[in-house]
2 protein chains.
Amino acid sequence: MREDPQDAEIISHKLMLRGGFIRKLTAGTYSYLPLGFKALSKVRDIITEEMVREGAQEVLLPALQPIELWKKTGRDEELADVMIKFKDRHGKIMCLGPTHEEVITSLVAGNISSYRSLPVTLFQIQTKFRDEIRPRFGIIRSCEFIMKDAYSFDADEKGLEKNYKKMYEAYCRIFKRCGLPYKVVGADPGFMGGGQSHEFIVPAKGGEDIELGHTFKLGVKYSKTLGATYLDKSGTSREIVMGCYGIGVNRILAAAIEVSHDKDGIIWPRSIAPYEIAILPLNVGNERLKKFSEELYGKMSGAGLDVILDDRPERAGVKFKDADLIGFPIQVIIGEKNLEKGKVELKTRKTKKSELVDKSEIIIRLLPG
Amino acid sequence: MREDPQDAEIISHKLMLRGGFIRKLTAGTYSYLPLGFKALSKVRDIITEEMVREGAQEVLLPALQPIELWKKTGRDEELADVMIKFKDRHGKIMCLGPTHEEVITSLVAGNISSYRSLPVTLFQIQTKFRDEIRPRFGIIRSCEFIMKDAYSFDADEKGLEKNYKKMYEAYCRIFKRCGLPYKVVGADPGFMGGGQSHEFIVPAKGGEDIELGHTFKLGVKYSKTLGATYLDKSGTSREIVMGCYGIGVNRILAAAIEVSHDKDGIIWPRSIAPYEIAILPLNVGNERLKKFSEELYGKMSGAGLDVILDDRPERAGVKFKDADLIGFPIQVIIGEKNLEKGKVELKTRKTKKSELVDKSEIIIRLLPG
């Protein structure tokens, strides 16, 4: 599918379709194809690393939630428009979590009772659901999307302040590592309630700024309503002070494309490219060339390089076009004439500059550090 | 929560609750706490490795699916009892996928047209939903669960035979690596349709055998109905021949506990234990002991060992009980008297045998190989 998809309004959506990253199932729901999943899992790994670095522990909460829980905070009404609800076979009304403050707060309420268990920060990378009135922009505004949501639990405001700062810094590292020119703005906490809040935004060329992350000082809004209390040193019961911290995991892919592409396709940063290096044998009908390419692929993989081999029996022009469209940061081009001279071509996607490199030196050139 | 949970009928459910692996949100839905998520992610990694080893490519398909798609195969009626359905804000009937044959077949129908793109095997690790009439046995029969589902696409029966064998062998490796004494039985394909099918079962002591995996030769059942065809070498249109292969990811945790526990708790195999090694400093009030334990933890982590430090200010008896209950395969016990003599105690959870080891030798003893 190399044609321009008609219903795509923004460049990231177009390029993700054309490059074979995603496919639409129905309005607002997308399948991730192997290239899309690979890039997504790199983003996921970066986020997980930075959360764990700050001492956050990973959990996994249910998408299916009883509506009773939401009635306690009144958010069943506040979020009624976007919340997907259904009646189960026993007549119980359930919803699909558009967010998880209620679940995590009641979980912590049932499992933490003493100041000695605080502070704690929990996070998950999980699928959320929203009945969007107008799903659009591909995976940017969809009905099913992947969020990293973290929640901090502290004994007091001072503790929250400290944890909020840690998460803020983790967010800066995450967006930087994903190659995104982000900016941070103070924001209205909206339906989340609580105090201070910040949005992490990537300014997009088309004018449609992309909100990638949002941090909130929730205070005691949820712990009060859901009974998340602890006994302090003196044995007095107090409400746990909370913060929450979200990142739109799949939005990071779209944002990276919005800020880094050219007329030929995507220019991925190395950190979240589906593969860092693509080997392009220009004529797999030539046995010697084919064998060399396969051996090079084996050696590169063995050396820990993140590499894919385009061994399709396609014309050179098709391979060049596809590699540029998909956006592998580095192309290793294997042509007959060069190979006869013991050379391969090393091309950088971003600059489109290429140079001839001795075939025995290609791996050492590509190893990091 | 060290008490025996009242509504748990089987030992794995009881131990996962008591050991702090999972918590029930409502009937049939569970949260994974940090220990549970850690073990789950190890199972996920083993499965992914073995799928990739057989050349399968990872994708991610939507949970939200239009009911129209299911009407094409007639399975909207066959699965009506367990399928969760709702009407979205535009009046469209959507369901939550209890399985993904319809989605993947229509995806492949839209993206593969030539014999040159075959064979291909795709897999995902994803959350499925079922409106269970009687959720029970904890995460074994729940309304929301994690499946690995793989789908093979071949030009003919001979290709399917080959791919089926590869997946069968991958399944044997997966269950073996997870420490499970599985057996394979021929099975009725049931609502999946198609030809031959195998179940991978773990015989449980309580008589409640656990079905962990199921492989099916689907043939052309889905490709015929959903138009997944390809052009062969002569330009003739043919139906793609399919197989599908499922594993209950969270069931593996429950099965591992069913087959390996004692009166004190879980005995994890090293491969899927939440942590392989627990360091238990018996008195964190002793500064020297505390410092030694923290340094040992740092060195072990640095050496790539999978280790957790129980630095809670609890009594020795509580730490022993919890470590046995959670089931870390190896305990490194740091006591004052032993440490004065330059020794630490190395205890194996399974045998409960322990020995004194020179503190300078502990890491080298625990390194694999």
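Applying the Kirkwood pairwise sum to the alpha-carbon positions of chain A produces a hydrodynamic radius of 22.8 angstrom.
Summed over both chains, the accessible area lost when B and A associate is about 3900 Å², using a 1.4 Å probe. Counting lysine pairs in the stretch B:1-105 that sit 8 or more residues apart in sequence, or on different chains, and whose Cα atoms lie under 19 Å apart gives 9. A Cβ-based charge dipole, computed about the Cα centre of chain B with Lys and Arg at +1 and Asp and Glu at -1, lands at about 520 debye.
Extent along the principal axes, Cα only, for the stretch B:1-147: 59, 42, 25 Å, with the longest axis given first.
Highest mean first, the peptides A:164-175, B:223-234 sorted by other C-beta atoms within 10 Å per residue fall in the order A:164-175, B:223-234.
Think of it as helices only: each DSSP H run of n ≥ 4 in chain A is worth -39500 (n - 2.57), and spread over all residues that comes to -10000 deg cm²/dmol at 222 nm. For the stretch B:149-265, the fraction of 1.4 Å probe accessible surface lying on carbon and sulfur atoms is 51 percent. Taking all protein chains as they are arranged and a probe of 1.4 Å, the heavy atoms of A:SER237 leave approximately 70 Å² accessible to solvent.
Expressed per residue, the C-alpha convex hull volume of the stretch B:292-351 stands at 97 Å³. Label-point spacing at A:ARG238 relative to the other copies reads 7.3 nm, in ascending order, each point sitting 7 Å out from Cα along Cα→Cβ. Relative to the Cα centre, the charge distribution of the stretch B:1-139, modelled as +1 at Lys and Arg Cβ and -1 at Asp and Glu Cβ, gives a dipole magnitude of about 380 debye.
Amide H to amide H distances under 5 Å link B:LYS359 with B:LYS343, B:VAL344, where only residues 5 or more positions off or on other chains count and H is placed in the peptide plane.
Roughly what percent of Cα-Cα pairs across the stretch A:145-291 reach past 19 Å? Every Cα pair in the stretch A:145-291 considered, those over 19 Å come to 62 percent. In plain terms, if you count all Cα to Cα distances in the stretch B:73-189 and split them into 5 Å steps from zero, the share in each step is 2, 8, 13, 17, 20, 17, 12, 7, 3, 1 percent. When a/c is below 1.5 the answer is rounded, else prolate if a/b is larger than b/c, else oblate, so apply that to the protein assembly as shown with a ≥ b ≥ c taken from the square roots of the Cα gyration tensor eigenvalues. Rounded, since a/c falls under 1.5.
Projecting the Cα atoms of B:ALA273, B:CYS244, B:ALA228 onto the dipole axis of the stretch B:226-296, where Lys and Arg carry +1 and Asp and Glu carry -1 at the beta carbon, places B:ALA228 farthest toward the positive end.
Here the 3J(HN,Hα) profile of the stretch A:233-244, calculated from phi with Karplus coefficients 6.51, -1.76 and 1.60 at θ = phi - 60°, is 3, 8, x, 8, 7, 9, 7, 6, 9, 10, x, 9 Hz, Gly and Pro shown as x.
Per residue of peptide A:19-28, the mean number of Cβ atoms on other chains within 10 Å of the residue Cβ is 4.
Neighbours of A:PHE137, meaning other residues whose beta-carbon lies under 15 angstrom from its beta-carbon, give a summed charge of 0 when Lys and Arg score +1 and Asp and Glu score -1. Between the residues B:ILE84, A:ALA109, A:ILE201, the greatest Cα displacement towards the positive end of the dipole of the protein assembly as shown, with unit charges on the Cβ of Lys, Arg, Asp and Glu, is found for A:ILE201. Distance between the pseudo-spin-label points of A:GLN6 and B:ASN111 (7 Å out from Cα toward the beta carbon): 2.2 nm.
Restricting attention to the stretch B:297-369, lysine pairs at least eight places apart or on different chains and with alpha-carbon atoms under 13 angstrom apart total 5.
Partner chain Cβ atoms within 10 Å, averaged over the residues of A:91-97 - can you pull that number for me?
Mean inter-chain Cβ contacts per residue within 10 Å come to 3.
Computed over the stretch A:152-234, the quotient of the alpha carbon radius of gyration and 2.2 N^0.38 Å is 1.31. The rotation axis taking chain A to chain B passes closest to the C-beta of one chain A residue; that residue and the distance in whole Å read A:PHE86, 2. Per residue, the protein assembly as shown exposes 42 Å² of accessible surface when a 1.4 Å probe is rolled over the protein heavy atoms with every protein chain present.
Copy-to-copy label distances for B:CYS172, where each label lies 7 Å from Cα along Cα-to-Cβ, are 5.5 nm in order of increasing length.
The values are calculated or read from the model by the stated rules, or taken from the named source; none is laboratory data. Computed from a predicted structure; not experimentally measured. Note that we place each Cβ from the backbone using ideal geometry, even for glycine, and neighbour counts take in every protein chain shown. Accessible surface areas use protein heavy atoms only, side chains included; no ligands, DNA or RNA. Shrake-Rupley method; radii C 1.70, N 1.55, O 1.52, S 1.80 Å.
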